[in-house]
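The values are calculated or read from the model by the stated rules, or taken from the named source; none is laboratory data. This one's a predicted model, so the numbers in the text were calculated from it and none came from an experiment. Glycine gets a Cβ as well: all are built from the backbone with ideal geometry, and neighbour counts include every protein chain shown.
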Amino acid sequence: MVFSSTPFREVACVVLAAGSSRRMGLHNKLLLPYRGMPMVRQVVLQALASNCSRVIVVLGHNAPEIEQALAGLSVQFVHNPEHMQGMGHSVAAGAGAVPDTEGVLICLSDMPRVNAAALNALMDAFQLDETIEICRPRYKGQPGNPILWGPSFLPALSRLQGDEGARSILQAHSAYIHWVDVETDGVLQDVDQPNDLPALGMALPRSKDGAMAS
C-alpha cells in the first residue's frame, strides 16, 4: 500500500442560510419541510455527517427561526448584518470565521439533495495534492455546487460583497478547478421558486381551507 506524503488538510463547511427567499413569496424556503424536517436542517445534517472539521451557519433573514430549526445541532452561528445586500456578504461572513489554515466548503442551504458522500468526495479530492485549491462537483458532465476553496482563497472570499457570491473569483481562476465527478444530481438542484419544489418532493404549506398557500 502506498501512503500519500501530503499532510491532511482540514476543511470547514460554511452553510449560507441568511437569504430572504424573495422568489418564494411569503415563505422562507429554508423552513419548508423536506423529508419531515426544515430544508435547512437537512442540509446541515449532511454537513455534520461529512468529514469536515466544523460546520458554520451564516444567519440573517429570519435568524431566530433558522436557529430554532437547527436546535440541538453542533454548529457555529455567524450573523451577517448585511444579508440584504446579497450573497457575497454572507460568503464573506462565513469565510471570515474559518481558521486561515483550513479549506472552506461553501454549501448552499437550498440544495437538500447534496449528501455527505458528495461533500466527502470533494474533501477527498482536496487531499490528493497540496497544490489543489479549488474542487468543484460535476454530475454527468454538468458543473454543480458546493465548491471547496483552499486556504489561499480565504482572504478574497472574506472581501466579497454584493449578490454575485464567489462567481467572479471562480471565473478568474477557472483553469485551476479540480473537477470531482459525483454520483448524485443533487449538486445541480436548488430551490429558488415554487416551481422548483415538486422535483424535490416538496410543496408550499396549505392554508386552513386546504388550498395551497401563496
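May I ask you to verify whether residue 122 is more than 12 Å from the chain's Cα centre (by Cα) and over 21 Å from residue 174 (Cβ atoms)?
no
Buried (at least 21 other Cβ atoms within 10 Å of the Cβ) and closer than 22 Å to residue 50 by Cα: does that describe residue 75?
Taking the combined requirement at face value, the residue does not satisfy it.
If I ask for residues that are in contact (Cβ under 8 Å) with a residue 24 or more places away in the chain and farther than 22 Å from residue 92 by Cβ, which ones from the stretch 38-65 would you list?
38, 39, 41, 42, 45, 46, 48, 49, 50, 51, 65
Among the residues in the stretch 51-65, are any more than 17 Å from the chain's Cα centre (by Cα), modelled with pLDDT of 95 or more and either surrounded by fewer than 17 Cβ atoms within 10 Å (Cβ to Cβ) or of a type in the set (Ser, Thr, Tyr) (or both)?
yes
Which residue is surrounded by the fewest Cβ atoms within 10 Å (Cβ to Cβ), if the candidates are limited to the stretch 36-50 and must be aliphatic (A, V, I, L, M) and within 10 Å of residue 13 (Cα to Cα)?
As a first pass, look at the stretch 36-50 and keep what is aliphatic (A, V, I, L, M): 37, 39-40, 43-45, 47-49.
Next, from what is left, pick out any that are within 10 Å of residue 13 (Cα to Cα): 44, 47-48.
Numbers: 44: 25, 47: 26, 48: 16.
Residue satisfying both the conditions and the ranking: 48.
Filtering the stretch 165-214 down to residues that are touching a Lys or Arg at 6+ places or on another chain (Cβ under 6 Å) and at pLDDT 90 or above, which residue is nearest to residue 21 (Cα to Cα)?
Only one residue tops the list, namely 191.
Having 1 or more residues that are surrounded by fewer than 16 Cβ atoms within 10 Å (Cβ to Cβ) is the bar; report the strands (runs of 3 or more DSSP E) wholly within the stretch 119-214 that clear it. So that I can check it myself, show each step before the final result.
Values: elements: 134-139, 147-149, 177-181.
In the stretch 119-214, 134-139, 177-181 are the strands (runs of 3 or more DSSP E) which contain 1 or more residues that are surrounded by fewer than 16 Cβ atoms within 10 Å (Cβ to Cβ).
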